[in-house]
Structures are given as structure tokens and as C-alpha cells.
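Peer 1: Would you mind keeping the following structure in view while I ask a few things?
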There are 2 protein chains.
Amino acid sequence: MAAVNQVYIAVIGAGGVGKCFLNQLQGLASRRPSPKLSLCYISTSRKALYNVDYTPVSLEGVTESLAASTQAPPPLPQVIDYLAAAPAKVVLIDNTSSQDVADAYPLALSRGLSIVTPNKKAFSGSYKLWQDIFTAAATSGAKVYHESSVGAGLPVISTLKDLVETGDKVTKIEGVFSGTMSFLFNSFAPTEGQGGKWSEEVKKAKALGYTEPDPRDDLNGLDVARKLTILARLAGLPVESPTSFPVQSLIPKELEACSSGDEFLDKLPAFDQQMEDTKAAAEKAGKVVRFVGSIDVATQQVKVGLEQFDHSHPIASLKGSDNIISFYTERYGSNPLIIQGAGAGGEVTAMGVTGDLIKVLSQIA
Amino acid sequence: MAAVNQVYIAVIGAGGVGKCFLNQLQGLASRRPSPKLSLCYISTSRKALYNVDYTPVSLEGVTESLAASTQAPPPLPQVIDYLAAAPAKVVLIDNTSSQDVADAYPLALSRGLSIVTPNKKAFSGSYKLWQDIFTAAATSGAKVYHESSVGAGLPVISTLKDLVETGDKVTKIEGVFSGTMSFLFNSFAPTEGQGGKWSEEVKKAKALGYTEPDPRDDLNGLDVARKLTILARLAGLPVESPTSFPVQSLIPKELEACSSGDEFLDKLPAFDQQMEDTKAAAEKAGKVVRFVGSIDVATQQVKVGLEQFDHSHPIASLKGSDNIISFYTERYGSNPLIIQGAGAGGEVTAMGVTGDLIKVLSQIA
């Protein structure tokens, strides 16, 4: 029996973003009487909480209940079977960064489950997975939204989709797509004042929680390359993978083999002069150096790496760990449409997820 | 007999924005096979084109057909009757800036017609009209979208709605909301160089088509006050009208009574010293003067007028006739979420309308 005006929510992942999302979901459910939102499944990599008869799991204290659960998460195909048989529509929220979960999207979508996620892996992996996902969604009518996969809660993906779908021609996309890189270069090569040594700025960023546990996971540029892959595909370029275009790594060759992030940080000061030279070259030209990504749609060129900018350029004058994304289009002419603000953090990432969920609900409920 | 997978589009207004929209609509209809979009009504203030049996009006050369039409537009209640009886769902696009059309929204919505519009009048008039519109929509389930009523195609309203609906607390909204004012102050008080005389900048802006036919319609601040009214209401403040908060007019008292825009422009040079003094005062403080609007949500203060900004502030370094809108929120912390770009012009305004239409279609078709 299909329940009227009810939507089931299934959540995979209860880490930093996941916890913030669960709070926001609780707020959303309490503010909106219709459709009634019921949590029918939640899991981490080791634990799960659900009832075979779809009796909702209470959102009140759900992270504690989950921690106390003795259920292990079933294999993904089994979870999808369970959700596809639910007596109402289901939105699956993937708050992990797991490739395995991403690989299951085509199956989930083909079974009618809508998907909302900040997980970049599904949209920046192989081009075949991208195609499989959107073909499955188009065929079943299930929805798939991933605003937070680029720039967290900033309206980056929705804006690009609006531009494309309304028939504008996007000519170029350029910006700072990593909060970590933003923080590092805003401190290392500020438009005013001197800035510290590169290795010290990396250590500071790590201490402040702005980097991954191993900072090389930020400095290799792959995170930015993944985001560029997503935007380039949305702009119509069939980018094969995040490694199919030039990506500049800021990890010195000699330190790639370090066995740990700590060893890397210990040895990094010996390479400060390289970055110092890069900064000095920019200064000599009256500019500052920034780590940016860009997509030239006409020439189909995507690239990630260091570039120089005038002090008055919006990319140069960015603050803190903010992202900035500029869309150059035919309609907007010489001045781009610019979106700027925090592009990382649990609450703003979860906000993008919650915002997407609201959009899906408006279409399926 | 209800047609399957078809949506009727009715368009009121075929001026600058209207013509651009009709082009975009034609492109949209050709790119998207489903739902099938059929133009069932189009009118200007003097002419109309429609068939009583709902046979679609061809989008090909529609402005020429409309110009050649001998039908006069029926009274609005009659148009609404006609549309409400259509054999499929209807989206009414109001591309006018007419208060009369805006006043008919509650009736149209209550009859199940969805509305998409750049017309500010409906959302910045009396608070009662605002309430009537959203009550009618909530009751009938019809949709109402008006992205282009603030910042043209920039994602301003959608972003504010996302912030509010996901449970963020908006504390302050600030920005440059008028392309005309942006152009005038970026030229009159640039961050680099000198800038011209105020009256000459106003004349130049008019010659470039950046002002209304009578520039006083920009300089009185009412256009900005209307946009602030809309954003303040979306942020939860029950603002009574665009004249219920302080709005600084840049029209010298002595010139309010001029009988024409030309007479105003002729006499304006005699008042250049006032603006020169304002500029000098800002310069003395190392700042530049800009015409901004701001909403302080906590203190419920809305205001429009001149303020001083540091040269490094994003509002000071705006280019051309761009708008900039900063959202300060609890989640975004000290650095606001910023949206920037062209906030006026036929194509980008029509783009906001087309983007809204796509959102409505995803929900009703």
C-alpha cells in the first residue's frame, strides 16, 4: 500500500557532513508538514539501523542509536532491494566519499531511488559511470542531485545547469576550487604584506584542520581536478577522467614516496625555495600566484595549477579559505557571473545536500 | 480531455525582456521533447494572439504575427478564465512591469495557473498582495517564481530561499542592486583614477541606455527599495512597502518638479558640488562612495542610500554595471556568500525567467 504524501530517506555515512545533514534533516522534517519525511535506513561503514517493515528510525538522537546498533550494513545491492521495495518514494543520501557507493548509483537510480550526494567520486570518475548514472535517471525518472560535489553549499552546479539549460553558451569557467589551496595561497602570497614560508603555511593549515590528514592529498591537485571534471562535463565536454588533463602537483617529486604525512611535513622545508621562487616571479610581474582550475570550453582545454593574477583580480583578493568561481558566457559578456564564499565545512556542505533534497521533494512528492 | 505531457505557455508582454524570452522559449522547446511546450496566448498592452480552441500559436516569427494581429487583449479576468479552462497545465509568464497584471496573480494562482515573472511589482507592493499571492499558490498547488525580480538572471532569490529553507540564519544582506547606480558610481568615484563630474556621468549613462528614459526613475532609489523589499520579505521580515524604510534619493529637492528628464539633465550640473563633497568626504577617509541597499535581519533595519567602502571591499571594486549581493549567515560566518555579475539586460533577465520556467516544468509536468 503506497503511503500518501510520505517520502522515505535513506542515509549512508554519518561523519562530519553526515552528522550536520542529520541535524538539518531533523529541522526540515519539523518545519515542513508535507511530505512527511521518514528515515528508513542509516549506515556507516560498520553499522546500520533500519527495520525490515520500514518502521521509521527516529531522527531524535539518531547518531547515538546508530553507534549503539548491533546491525552491520548489508551489501549495497541488498540495501537497494530493501529501499526499492519501500511503500513510498525513497531519496538515498550518500554522505560518504566512497567509490563503492558511487558505483552503485546506476543500479539505485534504475530501481527508482532518487539520489542526493556531496560525493565527487560518481561524477568525476570514469566517463562511462557518468553516462550510466544519467541514463539510468532519465530512464526511470528518478532524480540525482550533487550540488555539494563542487564548492559545498555554494550554488555552483545549479547555476551552471541553469546557464546551459536556458541556452547560454559558457565559454570559460575559472576559479579557486579548494578551500585548502585558497587558505595556503592567501597566506603564503597575500596581496598586502609578506606571507610566511611555504612549509610553515602548510603546517599551519594542517593544524587548523584545513587539510586532509596527509596534506599531500590536497597538494596533489586531484581534488580540484575532480571538481573541474564535473563542471567540464556539465558544460558539455566529455572529459574522460580527472587524470586526462594537465594537473600540477605541489608535492616535490622527492617527497612523493614519503611513507606518512608527518614525514612529508618534516622534509618539506628543504623545498621552500622552489615555492619562494614561484612567488618572487609573480611579484616581479606585479602579481600574486594562486592555485586555480580553468575550463576553456571552445578549445576543450581543462587545466589545474599555479597561475599569476593582478592584485585587483577577484581571485587575488580572495579571503580565508573561500572558493571563487567565475562563469564567462555569451550572455554575461566581458564581466563574468561570479560566486564566492566558503567552499568547505560540514554545515555548508550539508546545506547543499539539504537544498538538493528540497528540490527533489518538490518534484517527486 | 487532458493532454498528456503537454504544458501551455501564456505570455504577457513582448518588450525588451519579452522578445529575448520568446527566443529562449523557442530554443528550449526545440531542445526538450518533453513536456511539449505550446504557446496558447500572447499579448502586449494593445494586441493579443490566441485561439479559443487552444490551437497553439507558432513560436516561429511570433513577434511579427503579434504585431500584425487585429485582436485586442481581453480583460485580465477573462484571460485567466480562458487559461484556467485549457486542456493541460498552464504557466503564465508576465514579462511586463505592470501593477495591474501583478494584482491579478492571486486570482490566476487560485485558478491553478503557475506564474513566472521578472515583474517586481507583485512582490514589492503592499504586504497584503504578497500574502495573497503565496496563500493562493499554497492552496491551489500552483507555482510562482520570480528570480529575475532581483539581479536579473543572477541566482539571488534561489540562493536566499535555499539558505532559509535549509535552516540557515541570514543575519545581513548587503549589495549593489542597480546596474545604473553601479555604472554611475564606478565611473564617478572609481577606486583608481579621478572620475568625471556627476551630471556628466548621468548623461553618459543615459546615452549608453543604462538609465530609464527619465533618469530620475533610477536616481530616486525606488527600484533598489523594491528589490530590498523582496529580499527582506524572503528573509522573514514583514516589510510593509518599499516606502516604509529609509530610502535616500539622489534627486536634488529643487529638481523633483522638473517636467521632463531632459529639463532635469539640463539643470543637474548646478548641483554637482553636492555629490563632489560626498565623494571628497569618502576620499578623505581613504574610501569610495557607493549606492547600496542593506537588510539587517536581527534589528529588522532596511535601508537604501550612499555609504563609504574601503578600496579593497568587493563592493568598491565592482566593474561596469555589475550587481553584487552579499549574504551574511550563521553558517557562512565572517566571510559572506557573494553573487556578482550583470544584474540588468534583456538576455540575462529573460534567462532568469527561462530558468524559472524549467523549474516549474520539473514540478508540474
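No value in this document is a laboratory result; all are computed from the given coordinates. Just so you know, these numbers come straight off a predicted model, no measurement behind them. Cβ sites come from the backbone with ideal geometry, for glycine too, and all protein chains shown count toward neighbours.
Peer 1: If a/c stays under 1.5 just call it rounded; otherwise compare a/b with b/c (prolate if a/b is bigger, oblate if not). Do that for the range B:260-365, with a ≥ b ≥ c from the square roots of the Cα gyration tensor eigenvalues.
Peer 2: Verdict is oblate for the range B:260-365.
Peer 1: When the Debye formula is applied to the Cα atoms of the range B:156-342, each taken as the same point scatterer, what base-10 log of I(q)/I(0) results at q = 0.10, 0.19 Å⁻¹?
Peer 2: -0.41, -1.32
Peer 1: I would also like to ask the following. What are the nm distances, shortest first, from A:Gly112 to its equivalents in the other copies, labels at 7 Å along Cα→Cβ?
Peer 2: Computed spacing set for this position: 2.6 nm.
Peer 1: Oh, and also: Could you give, in nm with one decimal, how far B:Pro87 is from each other copy of that position, shortest first, with labels 7 Å out from Cα toward Cβ?
Peer 2: Result, one decimal in nm: 3.9.
Peer 1: In addition: Principal axis lengths of the protein assembly as shown from Cα atoms, whole Å, largest first?
Peer 2: 80, 70, 49
Peer 1: By how many degrees, 0 to 90 and rounded to 10, does the Cα axis of helix B:127-140 deviate from the longest principal axis of chain B?
Peer 2: 30 degrees
Peer 1: If you don't mind, another one. Step through the table entries A:Lys19/A:Lys172; A:Lys128/A:Lys203; B:Lys279/B:Lys303; A:Lys143/B:Lys172; A:Lys161/A:Lys279; A:Lys143/B:Lys319, compare each Cα-Cα distance with 28 Å, and write down the pairs that go over it.
Peer 2: Where the Cα-Cα span goes over 28 Å, the pairs concerned are A:Lys19/A:Lys172; A:Lys128/A:Lys203; A:Lys143/B:Lys172; A:Lys161/A:Lys279; A:Lys143/B:Lys319.
Peer 1: Going by average Cβ density within 10 Å per residue, which order do the peptides B:115-124, A:134-143 take, highest to lowest?
Peer 2: Listed from highest to lowest mean packing, they are B:115-124, A:134-143.
Peer 1: Moving on to the next point. List the distances, in nm and shortest first, from the label point of A:Ala285 to the matching label points in every other copy, placing each point 7 Å from Cα along the Cα-to-Cβ direction.
Peer 2: 3.8
Peer 1: Compute log10 of I(q)/I(0) for the range B:42-172 with the Debye formula, placing one identical point scatterer on every Cα and leaving out solvent, at q = 0.11, 0.12 Å⁻¹, to two decimals.
Peer 2: Debye output, listed in q order: -0.45, -0.53.
Peer 1: What does the charge count near A:Ser326 come to, summing +1 for each Lys or Arg and -1 for each Asp or Glu among other residues with Cβ under 11 Å from its Cβ?
Peer 2: On the way: positive: A:Lys172; negative: A:Glu174.
Once positives and negatives cancel, what remains is 0.
Peer 1: I've got another one for you. For peptide A:328-335, what's the mean number of Cβ atoms from other chains within 10 Å of each residue's Cβ? All intermediate terms of the calculation are to be shown ahead of the outcome.
Peer 2: On the way: counts 0, 6, 1, 12, 9, 6, 3, 8.
Averaged over the peptide's residues, the number is 6.
Peer 1: On to the next question. Any idea how far the Cα center of the range B:281-349 sits from the one of the range B:212-279, in Å?
Peer 2: Rounded to whole Å, the Cα centres lie 17 Å apart.
Peer 1: Please list, in order along the range B:88-98, the HN-Hα scalar couplings obtained from phi with the Karplus expression 6.51 cos²θ - 1.76 cosθ + 1.60 (θ = phi - 60°), rounded to whole Hz, x for Gly and Pro.
Peer 2: 6, 5, 10, 10, 9, 9, 9, 9, 9, 10, 8
Peer 1: Over the alpha carbons of chain B, what is the largest minus smallest coordinate on each principal axis, giving the biggest first in Å?
Peer 2: 72, 47, 36
Peer 1: What is the magnitude of the charge dipole of the protein assembly as shown about its Cα centre, with +1 placed on the Cβ of each Lys and Arg, -1 on the Cβ of each Asp and Glu, and no other charges, expressed in debye to the nearest 20?
Peer 2: Magnitude of the dipole: close to 1340 debye.
Peer 1: Average partner chain C-beta neighbours within 10 Å, per residue of B:339-350?
Peer 2: 5
Peer 1: Right, something else. Quick one: give the max-minus-min coordinate of the C-alpha atoms of the range A:230-293 along each principal axis, largest first, in Å.
Peer 2: Principal axes ranked by extent give 42, 38, 14 Å for the Cα atoms.
Peer 1: As I understand it, the value is the acute angle between the Cα axis of helix A:198-207 and the longest principal axis of the Cα atoms of chain A; what does it come to in degrees, rounded to 10?
Peer 2: On a 0 to 90 degree scale, this one is about 20.
Peer 1: So how far, in whole Å, is the C-alpha centre of the range A:1-57 from the one of the range B:74-115?
Peer 2: The range A:1-57 and the range B:74-115 have Cα centres spaced 39 Å from each other.
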